[in-house]
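Computed from the coordinates by the stated procedures, all read-outs in this text should not be read as laboratory data. Owing to the predicted nature of the structure, the values given are computational and were not obtained by experimental measurement. Positions of Cβ are backbone-derived with ideal geometry, glycine not excepted, and every protein chain shown enters the neighbour counts.
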Amino acid sequence: MKRYVKKSLATIGMIALTFAAACANGNDAAESPSPGAGESQPASAAETAAGPLSKYEPAIAVRTVMNDVGKDYLAQGETLEDNVWTRGYANELGIDLTFDWIVERANSGQKMNVTLASGDLPDIFSVNQTQYKQLLDAGKIADLTEAFDKYGSERLKEFYNMGGDGLKPVRQDGKLYGLTDYSGYLDNVPMVFVRSDWMEKLGLKPPETMDDLLGIAKAFAENDPDGNGQKDTYGIQLNKDLDSGWTIKLNGFANAYHALPGQWIDDGSGNLVYGSIRPEMKTALASMQELYKSGIVDPEFGTKDVNKAAESLMAGKAGIFFGPLSSPFVITAMMSNADADWMAYPIPSADGRPANVPSQIQNSTVYVVRHDFAHPEALVKMLNFAVEKLYGESAEAEAAAYLGPSGQGFQVTPIKILQPNKNIAIYQNVVKALESGDTSGLNREEKSNYDFIQQFRSGDRAQWVYERIFGPESTLAVVQHYLDNDLLTLNQFSAPPTATMATKKATLDKLELETFTKIIYGESPIDEFDKFVSDWKKLGGDQITAEVNEVAKAE
């Protein structure tokens, strides 16, 4: 775990995202290149590759593209173009990958936009939901229905049906035009993180209600929890994008008031409505405005992106934030402070009614095949390959090679899928083994996390993150609480952007962020929320709502 502590915040964030198997809003999963028009392979090769993992003979060439996230996890002497994965594709599947481009992750979304505009598409590649819709509407991607039905392995198909239909966003008119990086619906549910060592120092009990939590926040801001004799701490940390970024979000706070910002939810009559414009959101903003006015919220949050906000946490300036289960990765760097500790708790209720939290099917990345590529089944076989090497019969013998010493070796390949909702099962099995001392039933990944926890308990503070994610008092214990008490509300819209979303959502999102930020700062009165709702509807929100409901009713 020491290797994580030394990495940059951006890298830590990426580790957490891949841990959660959810890279959102962009080409965050590796993209794949393909040959240009006219370079498709002879169809006869497909006839010799009829099984889920059968080999093309002769081999076929597949152009793809990729971001460079995997470079941090390469084995010594390997490159993104030549590694255990690319050699596996070539030797076992007869698929020779070539790369049109490999760029930094931060630039991959724009690079893909340029590629799409050029018309020279790779054979197999990954795109975000907006790019997928553009390609679909332009008729530039292949129908994968037959390829998936014929070549998809039993395990791959099982993955796509764990906890929901992981392919729902790419089904159009009964056909399948892409395969998602579906990772389930649990890894991004919000919870609240509190400096437990500060609570102990100030004689505070863990929060059971929102009043409890706000009392803790007030004490953190006013009672010198770091003991330096200065008034230089505050209760709650936000970041300037509020609900963007992979952690340190506003939405968990809002959930305490029964608001579900950014979600499409049933209004009780069978119609879907946008959670950010509901009255509950106004109540949550009014509360946050009062906290900011009282000095309980970081006064400079509006200038800090998620990385800067994380630096404030690690510097010991704030004691509460809201984020998903992978958030302990962001605070591992605070392990240099031998006294610092954080605990995760369920979102408390502001009024006694159980506080539901949002969950969402995670599949922001879509793998597609160029419409005239002769071997659309090659994408399916590459996903079969990933599933087999990490979870199939060969995993016990080969997973070490394909995962590498970091456990993140899957980052090296442009086409990947992890078992959906796998983390909750890991937690259940690890906790059972910790209680019994019997590890015989643990798989390789579970045993690895079990060992890290034991190392932490033996004094290796660098393994703290595993205790706080997979241990008995952990973020996954909070997720289990949500499951046991039926506290999850699934986002009811997971399709590609509607026509009006594609043209107006960015404007509406900007309006939402600016309005909410000004309300929290006190620059706008709370009743400015009502004007926001009216403007949101007029500027395209009503049309988007109509389109969302039309899609929902057609499913």
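Numbers for the structure displayed
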item	result
For segment 257-273, Karplus couplings with θ = phi - 60° (6.51, -1.76, 1.60), whole Hz, Gly/Pro x	9, 6, 8, 10, x, x, 9, 9, 10, 6, 7, x, 10, x, 9, 8, 10
Unit Cα scatterers, Debye sum, segment 422-488: log10 I(q)/I(0) for q = 0.19, 0.28 Å⁻¹	-0.68, -1.22
The chain: calculated mean residue ellipticity at 222 nm from DSSP helix runs of at least 4, using -39500 (n - 2.57)	-12000 deg cm²/dmol
Measure of compaction for segment 348-423 (Cα Rg per 2.2 N^0.38 Å)	1.59
Mean Cβ count within 10 Å, highest first, over the residues of peptides 498-504, 406-412, 350-356	406-412, 498-504, 350-356
Residues whose placed amide H lies under 5 Å from that of TRP101, excluding near-sequence neighbours	MET66
Reach of LYS510 by Cα under 14 Å, taken over aspartates and glutamates that are not fewer than 8 positions away in the same chain	ASP241, ASP243, ASP535
The chain: relative contact order in percent, alpha carbon pairs under 8 Å with at least 6 residues between	22 percent
Packing rank of 310-317, 473-480, where each peptide gets the mean count of other beta carbons within 10 Å, highest leading	473-480, 310-317
19 Å Cα-Cα reach of LYS71 towards aspartates and glutamates, excluding residues that sit fewer than 8 places from it in its own chain	ASP28, GLU31, GLU81, ASP82, ASP100, GLU104
Check: the chain dipole with +1 on Lys, Arg Cβ and -1 on Asp, Glu Cβ, in debye	540 debye
Cβ-derived FRET efficiency at R0 30 Å, ASP68 paired with ALA546, nearest 0.05	0.15
Interchain or long-range residues, amide H under 5 Å from ASP341's placed H	SER196, ASP197, TRP198
From phi via Karplus (6.51, -1.76, 1.60), per-residue ³J(HN,Hα) for segment 348-360 in Hz, x at Gly/Pro	x, 8, 7, 9, x, 6, x, 8, 7, 10, x, 10, 8
Filter on LYS205/LYS231; LYS205/LYS518; LYS175/LYS538; LYS140/LYS249; LYS140/LYS422 - keep pairs with C-alpha separation over 29 Å	LYS205/LYS518; LYS175/LYS538; LYS140/LYS249; LYS140/LYS422
Karplus 3J(HN,Hα) series, Hz, for segment 110-117 with 6.51 cos²θ - 1.76 cosθ + 1.60 (x for Gly, Pro)	5, 4, 5, 4, 5, 4, 4, 5
Label-point separation, ASP535 to ASN161 (7 Å along Cα→Cβ), nm	4.8 nm
Most positive-pole-ward Cα, PHE456, TYR427, HIS481, against dipole of segment 422-488 from beta carbon charges	PHE456
Net dipole in debye of segment 422-488 [+1 Lys, Arg Cβ; -1 Asp, Glu Cβ; about Cα centre; nearest 20]	200 debye
For segment 189-279, with +1 on Lys and Arg beta carbons and -1 on Asp and Glu, the positive-most of ASN271, PRO190, ASN228 along the dipole	ASN271
Amide H contacts of GLY178 (H built 1.01 Å from N, under 5 Å, at least 5 apart or other chain)	LEU144
Per principal axis, descending, Cα span of the chain in whole Å	74, 60, 37
Alpha-carbon centroids, segment 271-322 and segment 462-537: separation in whole Å	11 Å
